[in-house]
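Q: Sharing a structure with you now.
The values are calculated or read from the model by the stated rules, or taken from the named source; none is laboratory data. It should be emphasised that the depicted structure is a prediction, and the values quoted were computed from it without experimental measurement. FYI the Cβ positions are ideal-geometry reconstructions off the backbone, even for glycines, and counts take in every protein chain you see.
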Amino acid sequence: MDEAKGTIKGSAAIRVASYLLVTIVSIFLLYANTIFIKRRSKEIGLFQLIGMTKGKIFRILSIENFILYSGSVILGIFGGLVGSKLILMILFKVTGVQSIAALQFSSQAVSQTLVVFGVIYLLIMLMNYRFIKRQSILSLFNVKAKTEEKVKKVSFVEITIGIVGILFIISGYYVSSQLFTSDFSTASEFFMAMSFILGSVIIGTYLFYKGSVSFIFNIVRKNKNGYLSINEVLSLSSIMFRMKSNSLLLTIITTVSALAIGLLSLTYISYYSAEKVAVSNVPSDFSLDNVQNADMVKETFTINHIDFTAHEI
């Protein structure tokens, strides 16, 4: 894409998407591991009660995670290979290309995948080690009983977080509206702009769930001077608590959903607007795929005294 003319937007978008994909996968796996280790807290406490050391428990968990993790990565790579051929077959079918969709294996992609997931695995092991090291036997039996977030009176810090989250989202959408109107001439400038848009919106979304929702709902409660219906009491308190305590997971779900919807919409628009884009770019050109049609068009032009040039490929 770098060699083609006018594709710096696409090149920058692919770079941003690759970094964003790694970030989302990393956060999701680390968050899932946190839930996983907390759910097994009683089991870990039971191991300690029967005399196992924390080091031995950590080694057992490390072996279990390695088997699960390596198996998942191998299945994922195999699924990616099969899926890539399937997508290529669909592409050939949609575009009418008569060609064989060969199974392509990229050693560079596999090595990058192994490096990324190897680093994530080491981070997961570090999290598990810190969790086991810091917890006592008694606390391990009470981990699941603890809430992730305690609901308190909305503080100045939460108000600030709420306002900052809304400002981040607004700034991200503002830069996105200027992305194709401003003078971004290089792939690096597009990359920086796209990175800022994604970073500000994703961070703003997290802060929105963490503080903005509580801040907005607190304003609603204050405007009612404490006179709330039973439905408002139950709904406001529940939403405030659950969004604060699950802000990270909600951010991941929101980001992945937005990416999926955005990519599907972009694919749909690109496919069905291809003909109009071609006409607007070269309105006086005709592309024909066989000699008979070309001869017919030439004859029509000649009869109507229209000058033309023919170029055969």
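Q: If I ask for residues that are assigned to a helix (DSSP H, G or I), of a type in the set (S, T, N, Q) and within 30 Å of PHE36 (Cα to Cα), which ones from region 51-101 would you list? Full working, then the answer.
A: Here is the first cut: in region 51-101, the ones assigned to a helix (DSSP H, G or I) are 54-95.
From the residues that got through so far, the ones that are of a type in the set (S, T, N, Q) too are 62, 65, 70, 72, 84, 95.
Once the filter is applied, which keeps residues that are assigned to a helix (DSSP H, G or I), of a type in the set (S, T, N, Q) and within 30 Å of PHE36 (Cα to Cα), region 51-101 yields SER62, ASN65, SER70, SER72.
Q: Quick one: which residue in PHE92, PHE58, PHE78, PHE105 is in the same structural domain as LEU30 (by TED's automatic domain parsing), in contact with a Phe, Trp or Tyr (Cβ under 9 Å, 6 or more places away or on another chain) and of a type in the set (A, V, I, L, M, F, W, C)? Steps first, answer last, please.
A: Values: PHE92 fails: in contact with a Phe, Trp or Tyr (Cβ under 9 Å, 6 or more places away or on another chain); PHE78 fails: in contact with a Phe, Trp or Tyr (Cβ under 9 Å, 6 or more places away or on another chain); PHE105 fails: in contact with a Phe, Trp or Tyr (Cβ under 9 Å, 6 or more places away or on another chain).
After applying the criteria, what remains is PHE58.
Q: Could you list, in sequence order, the residues of region 163-214 that are assigned to a loop (DSSP other than H, G, I, E, B) and surrounded by fewer than 18 Cβ atoms within 10 Å (Cβ to Cβ)?
A: We begin by selecting, within region 163-214, every residue assigned to a loop (DSSP other than H, G, I, E, B); these are 178-186.
GLN178, LEU179, PHE180, THR181, SER182, ASP183, SER185, THR186, listed by residue number.
Q: Mind checking which residues of region 261-303 are surrounded by 10 or more Cβ atoms within 10 Å (Cβ to Cβ), hydroxyl-bearing (Ser, Thr, Tyr) and more than 28 Å from ILE87 (Cα to Cα)?
A: THR300, THR302
Q: Which members of region 251-309 meet the condition of being among the acidic types (Asp, Glu), at pLDDT below 80 and not in a helix (DSSP H, G or I)? Let's see the steps before the verdict.
A: We begin by selecting, within region 251-309, every residue among the acidic types (Asp, Glu); these are 275, 285, 289, 295, 299, 307.
Pick out the ones that are also at pLDDT below 80 and you get 275, 285.
Across region 251-309, the qualifying residue is only ASP285.
Q: Right, something else. THR160: part of a helix (DSSP H, G or I), assigned by TED's automatic domain parsing to the domain that holds SER26 and either modelled with pLDDT of 80 or more or over 24 Å from the mean Cα position of the chain (by Cα) (or both), yes or no?
A: Working: part of a helix (DSSP H, G or I): yes; assigned by TED's automatic domain parsing to the domain that holds SER26: no; either modelled with pLDDT of 80 or more or over 24 Å from the mean Cα position of the chain (by Cα) (or both): yes.
For THR160, the condition - part of a helix (DSSP H, G or I), assigned by TED's automatic domain parsing to the domain that holds SER26 and either modelled with pLDDT of 80 or more or over 24 Å from the mean Cα position of the chain (by Cα) (or both) - is not met.
Q: Test of understanding: among VAL110, VAL97, which residue is under 24 Å from VAL25 (Cα atoms) and of a type outside the set (Phe, Trp, Tyr)? Please lay out each step first, then the result.
A: Numbers: VAL97 fails: under 24 Å from VAL25 (Cα atoms).
Testing whether each residue is under 24 Å from VAL25 (Cα atoms) and of a type outside the set (Phe, Trp, Tyr) leaves just VAL110.
Q: Please list, ordered by first then second residue, the pairs with beta carbon atoms under 8 Å, 6 or more apart or interchain, first in region 285-302 and among the aromatic types (Phe, Trp, Tyr), second part of a loop (DSSP other than H, G, I, E, B).
A: Short answer, once both residue conditions are applied: PHE301/ASP307; PHE301/PHE308.
Q: Inspect all residues belonging to region 71-88 and state whether any of them is surrounded by 11 or more Cβ atoms within 10 Å (Cβ to Cβ) and closer than 16 Å to ILE124 by Cα.
A: Yes: region 71-88 contains one or more residues that are surrounded by 11 or more Cβ atoms within 10 Å (Cβ to Cβ) and closer than 16 Å to ILE124 by Cα.
Q: Condition (residue is under 21 Å from GLY204 (Cβ atoms), small (Gly, Ala, Ser) and in contact (Cβ under 8 Å) with a residue 40 or more places away in the chain) applied to region 260-269: is it met by at least one residue?
A: Checked against the condition, which is being under 21 Å from GLY204 (Cβ atoms), small (Gly, Ala, Ser) and in contact (Cβ under 8 Å) with a residue 40 or more places away in the chain, region 260-269 yields no hits at all.
Q: Is it the case that region 281-298 has a residue that's within 30 Å of TYR206 (Cα to Cα) and not assigned by TED's automatic domain parsing to the domain that holds PHE28? Full working, then the answer.
A: Taking region 281-298 as the starting set, the residues that turn out to be within 30 Å of TYR206 (Cα to Cα) are none.
Looking for residues that are within 30 Å of TYR206 (Cα to Cα) and not assigned by TED's automatic domain parsing to the domain that holds PHE28, one finds none in region 281-298, hence no.
Q: I want to confirm something. Restricting to region 92-145 and keeping residues that are within 22 Å of GLU43 (Cα to Cα) and surrounded by fewer than 10 Cβ atoms within 10 Å (Cβ to Cβ), which single residue is modelled with the highest pLDDT?
A: That would be ARG134.
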